[in-house]
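Working notes, beginning with the structure itself.
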Amino acid sequence: MKIKHIGSRKRRGRGKLLKIGKSGARSLSEIEFQKLLSSVPAVANKVGIKQRKKVRHTLRLMRRGDAVAQPLIILKGFRSSQILDAIYPEREQIWLPSWQRKSTASVDLRNFSFLDDPVGTMESLRAIAECEARCRQFSINFDDELCRDITPYMALGLIRQKMLPVCTGGRLKSSIGRVTRAVHLDQYLRMRQNGLHTSAEIVPFPLRERRGKNSSTKDNSAWTVTSEERVDSKLVETIDSWLSKLTPPRGLSEFGRAQILTLIGEILDNAKRHSDPSEDGTWAIAGFMEARKRDDGATTSYVCHLGIINPGDTIFETLQRAPDALKTRIEQFATKHSPKLLLKKRFDRETLWTLCSLQDGISRASSQNTPNGFGMMELVDIVGALGRTSRPSEQPKMTIISGRACLMIRPPYNKSKKTQRGHRVLALNAANDLTYAPDEDYVFNLPYRFPGTIVAMRFCLDGDELLRADGTDATVA
Amino acid sequence: MNFSERTEQMPQLLDLSKLSGGGDTRVLSGKQRGIQARSDFSLEKFDKEQDYVTVKFAPEVQAVTPSFVLGMFGVSVKAYGSVDAFFEKYRFDVRPNLLAQIRRGAEYSLLKGDPLPF
C-alpha cells in the first residue's frame, strides 16, 4: 500500500497537523526523526501518556519498514472551519483527538444536488462533518449516475480544505469523476482518480476563485479590467469554442453571448460587493456543459451547469446593513408572513428577508444618488431567457441558498412581474404577489446553515434564440 | 430639440475603449467600476455642456451590465429626467443589442423605492 507523506503544517496558535506514512518517515534524517518523535503531543494523564507511547512506537515501526496498514495522523488541538462549524455547530464539543478515535464510517451521496434535493444534500454535508469530527477514518461514495449540480462538489471542496485528513477514499462513478476532473475539482476535493480521461462531451469551465477578501489592489481603478470581467469573458469564449466543434458547427448568437456575460457579470459583482462589509468579498465559480442524448436517442441537449459560492455574510446578514427605513419595511413584510402561534411553516424570518432581496430596489447599499438592487432579478430573468424551452424536463432551474434560507426558482415561479412603478417582482407564489405568503415548496428553511451564499443554476442551450448556425448571425433579441 | 438644432452643435466624443483593457474583457460590469469610470472620464463636465456626446465602446465589448450603466450614467439619466432626454444627449455608437442593455440600465436609474407592499 502506498502511503503518502503529506507533511506538517503549522497553524496559528493551534499546534500542528501531521499525516505521515512510511516513505515520509524514512525520508527524514535521524535528527529530524528524533525531533518528530519528541513533538508527539501528550495530555498529562494516563491515557495521554499511553497514546504518546503508541504513536512513537508506530513511527519507529514505519521507519524500520515493518508493516503499518494506515497512515498516522497526529492532531494537536481542534481546527476551526467556518463552513464545518456552521453546518455542524456542535462540532467543537463532539470533536475527538485522533488518538481517541475508534469508529469508521461511510457516507453515500445520492441525488447530491442543491437544485434537485437541497435538504438531502445539506444533510449529506452534515453527515460528512459529523464523520470528520469523530471517525478514525471514513469514505465518501459518490453514487449518482450524473452530475446534476456542481455547487455541492464545490462546497465539499471548501470543506475538505479544513478537514482532518481522515477521509480515505470511496466509490466514484466515472460520469462524476470526469466532471470533477474536467473542472479541476478533483484536486480541490483531494481525489485521486486512475484511468479516467476527460470526456469530449464535457466542456469545463474550471474552478476559479477570487483571491481572499480584502485583498484588492487594483479593482478600484476604472482602467483596470476586474477579475470578474476576465472570468466572465473566459466563460463565454469557452462555451463558444465548444459549440463551434459540434457537427454542424454552432455558436452563441449575439443575444445569447450578451445574456451570459451579463448574468455572470452581475452575479460576481454582487458576490464581491455584498458578502463583506468592505465590499471586497471573495467568490468561487465553476461550471460545465455536457452534451446529453435525450430519451428519444436521436437528439442532444446541451446542459449547462453553473455554480457560484460566496463564503462570508449571508443575504440576511448583509441586509442588516441596509438603511433603517428599508429594514423596517422588510421586517413588516417578514412579520406579515411569518408563522404565527401554533401555525407551522417551512420558512422563517431569515428566509423571508432573503426572498425580499430578490426584488428590484432592495439592497443594503444606500440609494441616495442612484438606485441599487437590480442584480438578482436580472439574474432570474436571464436564466429564464437562456433556458427557454418547451421540454418540461429541460426547464431552467436555479437555487439560492443563504444561511438556512433556500429559494427554488423554476417553473411555474420563474417569471418576474412588473409593478405599475416599473419594479420587477418575484414573490414565488401562485399570484406572484408579495401581499401573499410564498409557496412553502419553493421557499423554505434548510436543516443546517451555510455561512454565505450558494447560487446553483442549470439550463439547456438549445433554443434558436441562443444558438446560431456557424457563420450566420441568426437571432438577435 | 429638433434635428436642425442638433446639427449645429459640436459633437463631442466619449471614447470608452480604454475600459476594456485592450481586449482583455468582453463585458463591462459592476456598479463600482461604473462610478469610478464616471469620475475618471469627468462625466459631470459632459453633463453640463450643451453639445451632444457620441459614446463609443471598444469593438470587442459585447455586453454592458445594467449595474455598470447605473454607476456610470445613472446620475446623468436622473439629471436629464427621462431616458429619451438622456439618449438625446448621449448618443451611443453601438450595436442594437448593446443599446438595449444600456437602455435597460438607464431605465433602472429612474426607479424609486421598492415593490414591497407594506
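Values quoted throughout were computed directly from the atomic coordinates according to the rules given, and no laboratory measurement underlies them. Computed from a predicted structure; not experimentally measured. Please note: Cβ atoms are built from the backbone with ideal geometry, for glycine as well, and neighbour counts cover all protein chains shown.
Key figures
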read-out	value
Exposure proxy ranking, count of Cβ atoms within 10 Å, fewest first, for A:370, A:453, A:238	A:238, A:370, A:453
Reduced Cα scattering model of the range B:3-109, Debye log10 I(q)/I(0), q = 0.19 Å⁻¹	-0.94
Per-residue Cβ neighbour rank within 10 angstrom, fewest leading, A:223, A:95	A:223, A:95
The range A:234-304-the range A:380-419 distance, computed between alpha-carbon centres (Å)	16 Å
Fraction of the pair-distance distribution of the range A:81-199 above 25 Å, Cα-Cα pairs, percent	19 percent
Packing-based exposure ordering (other Cβ within 10 Å, fewest first) of B:72, A:163	A:163, B:72
For residues of B:70-78, the mean tally of beta carbons on other chains within 10 Å	3
Pairs beyond 22 Å (Cα-Cα), from B:45/B:89; A:245/A:397; A:234/A:272; A:22/A:53	A:245/A:397
Fraction of antiparallel bridges per DSSP, the protein assembly as shown only, in percent to nearest 5	75 percent
Over the protein assembly as shown, equivalent-ellipsoid semi-axes from the Cα gyration tensor in Å	48, 27, 25
Peptide A:377-390 - average C-beta neighbours from other chains (10 Å radius)	1
Shielding by partners, peptide B:31-42 (average Cβ within 10 angstrom, other chains)	4
Net charge over other residues, Cβ less than 12 angstrom from the Cβ of residue B:93 (K, R count +1; D, E count -1)	+2
Dipole magnitude (debye, nearest 20) for the protein assembly as shown, charges at Cβ of Lys, Arg, Asp, Glu	4300 debye
